[in-house]
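As structure tokens, the structure follows; a few thoughts come after it.
The values are calculated or read from the model by the stated rules, or taken from the named source; none is laboratory data. On a predicted model such as this, the values are computed, not experimentally measured, just so you know. Every residue, glycine as well, gets a Cβ built from its backbone with ideal geometry; the counts of neighbours run over all protein chains shown.
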């Protein structure tokens, strides 16, 4: 995300926060891409693990850019959140990563411009 993008993170679906890991970190460029993303995980970050009512899991990782270093968290462990609830904010330039388990089908493509409340990144797979 650039300084001109929205930096609020919204809940993608009904879920419950089950784990959180915050790391104060160092000052690297969060926009840097790479296979391992190792420099980004040396920055300030907040890793949030969620569980859906079906017991599917997904993780949202907020990574602050070296200029920002300001992650704000609006939710608590065991808190149920509804789709589109605000879960956090990263002030200034930042990166948000989403990790999905096998119960999700990814729809978004590499380099897609993600627009809050509009872009669908993935959908739950239909189980039989």
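If you check every pair at least six apart or on different chains, which have Cβ atoms under 7 Å apart with a residue in region 90-111 that is under 16 Å from residue 9 (Cβ atoms) first and a residue that is in a loop (DSSP other than H, G, I, E, B) and at pLDDT 80 or above second?
Note: pairs meeting the criteria are 98/121; 108/119; 108/121.
Could you list all residues from region 83-102 that are at pLDDT 90 or above and farther than 15 Å from residue 60 by Cβ?
Matches in region 83-102: 102 only.
Count, please, the residues in region 99-119 that happen to be surrounded by 10 or more Cβ atoms within 10 Å (Cβ to Cβ) and in a loop (DSSP other than H, G, I, E, B). Walk me through it before giving the result.
The first filter runs over region 99-119 and keeps only residues surrounded by 10 or more Cβ atoms within 10 Å (Cβ to Cβ), leaving 99-101, 103-108, 112, 114, 116, 119.
After this cut, where a residue has to be in a loop (DSSP other than H, G, I, E, B) as well, the list is 101, 103, 107-108, 112, 114, 116, 119.
Residues that pass the stated criteria total 8.
Within region 30-53, work out how many residues are modelled with pLDDT of 60 or more and surrounded by fewer than 18 Cβ atoms within 10 Å (Cβ to Cβ).
Of the residues in that region, 6 qualify.
So, in region 57-82, of the ones that are modelled with pLDDT of 90 or more and assigned to a loop (DSSP other than H, G, I, E, B), which residue ends up surrounded by the most Cβ atoms within 10 Å (Cβ to Cβ)? Break it down into steps so the answer makes sense when it comes.
Residues of region 57-82 modelled with pLDDT of 90 or more: 57-60, 74-82.
Then keep just the ones that are assigned to a loop (DSSP other than H, G, I, E, B); that gives 74-79, 82.
Values: 74: 13, 75: 18, 76: 8, 77: 11, 78: 8, 79: 13, 82: 9.
The residue in question is 75.
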